[in-house]
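Here is the structure we will look at, set down as C-alpha cells.
The values are calculated or read from the model by the stated rules, or taken from the named source; none is laboratory data. The shown structure was predicted, so the numbers you read here are calculated from the model rather than taken from an experiment. All Cβ positions, even for glycine, are placed from backbone atoms using ideal geometry, and neighbour counts span all protein chains on display.
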Amino acid sequence: MRRLAGLIGLIAPLALASTAAAASPASQTPRKTLVIVVKSITTASIPHDKAPKGASKGDSVVLRDRLVNVRKQFGKPAGATVGRDEGVLSFRSATSGTFEGMATLPGGTIRLHGVAQDGTQSFSVTGGTGKYAHASGTVIVGSGTSPLNTYRLSVPGDPVVV
C-alpha cells in the first residue's frame, strides 16, 4: 500500500478506519487465513486540488506504490518486488474522505475500501481476483515514508493455522 501516512500528514491529519467487508457467496465454504507483509514504496502521488486551495471537500489524490517483500514469500526473497497498489483518496472535508483501491500481488488482486479520518490506518478488503477471489479482511498501513502494509485475509480454502 502506499506511504499514505506521510501524504495525509502533508495534506490533512487523516488516517483510515476500516469498514465492514461485504458478505460473499464464498462465506459458506471453508476459509483459510493469509498474512502478507510488504513494504510500500511510493511511485506516484497525484493531487487534484479544487478551490479552495488546500485539502477540502471535492479534492482527491491518486496514489500508486511498488510492494516489496520484507521476508521471503511468494517464492521470492526479501527485497524482491512482488506487486503494486493504487487507489484514490477522495476528500469529504479537510479531515475526512474515502479510499478506494486495489493491490496486485502474485496470484491475483485485492480490492480495498476505507473511510479516511483521524484514527488508525486500516482498509477493508472487499474481494479480489484469482487466489484472492471472495477475500475478506483488513490491510493495516504502517507509519513512515516506506511503511509496512500487513494484509490479514480470509480466503476460500482449507483452514490453516497462522
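Residues checked against (1) modelled with pLDDT of 90 or more; (2) closer than 21 Å to THR150 by Cβ; (3) in contact with a strand residue (DSSP E or B) (Cβ under 6 Å, 6 or more places away or on another chain):
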{"position": "ALA5", "(1), (2), (3)": "no, yes, no"}
{"position": "LEU14", "(1), (2), (3)": "no, yes, yes"}
{"position": "ALA17", "(1), (2), (3)": "no, yes, yes"}
{"position": "ALA21", "(1), (2), (3)": "no, yes, yes"}
{"position": "SER27", "(1), (2), (3)": "no, no, no"}
{"position": "SER60", "(1), (2), (3)": "yes, no, yes"}
{"position": "VAL82", "(1), (2), (3)": "yes, yes, yes"}
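With respect to the conditions (1) surrounded by 21 or more Cβ atoms within 10 Å (Cβ to Cβ); (2) modelled with pLDDT of 95 or more, THR104 falls short on a single one, namely (1).
Out of curiosity, is GLY83 under 22 Å from VAL115 (Cα atoms), of a type outside the set (A, V, I, L, M, F, W, C) and touching a residue at least 12 places away in the same chain (Cβ under 8 Å)? The answer is no for GLY83.
Take ARG64 and tell me if it is more than 15 Å from VAL35 (Cα to Cα), in contact with a Lys or Arg (Cβ under 6 Å, 6 or more places away or on another chain) and at pLDDT 95 or above. Taking the combined requirement at face value, the residue does not satisfy it.
All conditions in (1) surrounded by fewer than 17 Cβ atoms within 10 Å (Cβ to Cβ); (2) touching a Ser or Thr at 6+ places or on another chain (Cβ under 8 Å); (3) of a type in the set (Asp, Glu) hold for ASP65, with the sole exception of (1).
Please work out if GLY114 is modelled with pLDDT under 90 and either closer than 18 Å to ASP65 by Cβ or not in a strand (DSSP E or B) (or both). The answer is no for GLY114. Looking for something small (Gly, Ala, Ser), in contact with a Leu (Cβ under 6 Å, 6 or more places away or on another chain) and under 18 Å from THR138 (Cα atoms) - is there at least one such residue anywhere in the stretch 45-53? So far as the stretch 45-53 goes, no, none of its residues is small (Gly, Ala, Ser), in contact with a Leu (Cβ under 6 Å, 6 or more places away or on another chain) and under 18 Å from THR138 (Cα atoms). Touching a Ser or Thr at 6+ places or on another chain (Cβ under 7 Å), assigned to a strand (DSSP E or B) and without any contact (Cβ under 8 Å) to a residue 40 or more places away in the chain, is that true of ILE41? Here the answer is no, as ILE41 does not meet what is asked.
Criterion applied to ALA78, ALA51, ALA55 was being part of a loop (DSSP other than H, G, I, E, B) and in contact with a helix residue (DSSP H, G or I) (Cβ under 7 Å, 6 or more places away or on another chain), and the one residue passing it is ALA55.
What do you reckon, is GLY119 at pLDDT 95 or above, assigned to a loop (DSSP other than H, G, I, E, B) and of a type in the set (Gly, Ala, Ser)? So GLY119 fails the test.
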